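The values are calculated or read from the model by the stated rules, or taken from the named source; none is laboratory data. Only a predicted model underlies this, so the values are computations on that prediction, with no experimental measurement involved. A quick note on method: Cβ atoms are made from the backbone with ideal geometry, for glycine too, and the neighbour counts reach across all protein chains shown.
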Amino acid sequence: MTDEILSSSYLPPKAIFRANDIRGIVEDELHTDNIRLIGHSIGSEAIDAGIGSLLVARDGRLSSPDLCRALITGLRCSGVNVVNLGMVPTPLLQFGTHTTQFDSGVMLTASHDSAHYNGIKVVFRRMPLADHQIDVIRTRIKNQMLRHGHGEYEDLEILPNYICEVCNRVCLLRPLKIVIDCGNAVTAGVAPHLFRELGCDVIELFCEVDGRFPNHDPDPTRSENLAALQTAVIDEGADLGLAFDGDGDRLGLVTDKGNIIPADRLLMLLVESLADRYPGANIVYDVKCSRELGNLIESL
């Protein structure tokens, strides 16, 4: 392993270690060899933090099955146990850290990026790793500060519990006809089923998992990626359209008239609803939100 670590072809490039995750171009910056080392380093960091088991999940990219196997191999080499959730969106991994005995996990995904990217998001004790915590993962590899052991492995199906929990918490005031655009990404295995269970009439758009993303990139924050959804909503006479990104943690919304609701406006609607139900509640939002959202929160 020492020779592997010292080899420049195995040491992950510094550029892929970003502020909130690890992300790079498959084969050029990320491949099975260096992602195994990244997994080994993440597992070592977990062991030192007193975390004995990690949930693992992946998205639907063509590169994800092989990379996930390498990631799991690396994690287990550190001695950490792996609980594999399989191909599920990031919110289901996060759900798992709150509802199972395992409060930490690793998600293999490049989120909303194009098909030739992949990456890793890490959650320790329900908190995402960021900034220097991400840098430490590469430093461990470079300085050969890796733990060694033989972690155990098991599979866990989490989708039924997730569907049940959402349905227990959400009750629609009236039936809705909705168009769902999953962008051929991992939410295709969750969103249509979930909204039907909630009582919606669902029209599916690009809801077959295809890691090439042949219809459009799974990034609903870009208006060009919502064009087909806008047309479908109008043609179907739907109440609204929903579009999800590559790992299910971004949402695009189209009204019954085919208009796009920007993310900050959607957040404002949610904030107003929460403020009515929970007067005086503290509201947390990140730096990517618009100033208008902060102004609205302060005015409530």
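The condition of being in contact with a Phe, Trp or Tyr (Cβ under 6 Å, 6 or more places away or on another chain) and either under 21 Å from Leu92 (Cβ atoms) or free of Cβ contacts under 8 Å to residues at least 60 places away in the same chain (or both) holds for only one of Val233, Val202, that being Val202. Screening Gly199 with (1) surrounded by 15 or more Cβ atoms within 10 Å (Cβ to Cβ); (2) out of contact with any Asp or Glu (no Cβ under 6 Å at 6 or more places or on another chain) gives one miss only, at (1).
Checked against the criterion of being hydrophobic (A, V, I, L, M, F, W, C), under 20 Å from Thr187 (Cα atoms), out of contact with any strand residue (DSSP E or B) (no Cβ under 6 Å at 6 or more places or on another chain) and touching a residue at least 12 places away in the same chain (Cβ under 8 Å), the range 53-62 has at least one qualifying residue.
Counting the residues of the range 223-261 that are under 26 Å from Ala115 (Cβ atoms) and exposed (fewer than 15 other Cβ atoms within 10 Å of the Cβ) gives 3. Listed by position, the strands (runs of 3 or more DSSP E) enclosed by the range 73-182 that each have at least 1 residues that are more than 20 Å from the chain's Cα centre (by Cα) are 81-87, 153-155, 177-181.
Among the residues of this structure, Ile163 counts as one that is under 23 Å from Thr97 (Cβ atoms) and modelled with pLDDT of 95 or more. Counting only residues that are of a type in the set (Gly, Ala, Ser) and more than 23 Å from Thr97 (Cα to Cα), how many does the range 123-150 have? Residues in the range 123-150 being of a type in the set (Gly, Ala, Ser) and more than 23 Å from Thr97 (Cα to Cα): 1 in total.
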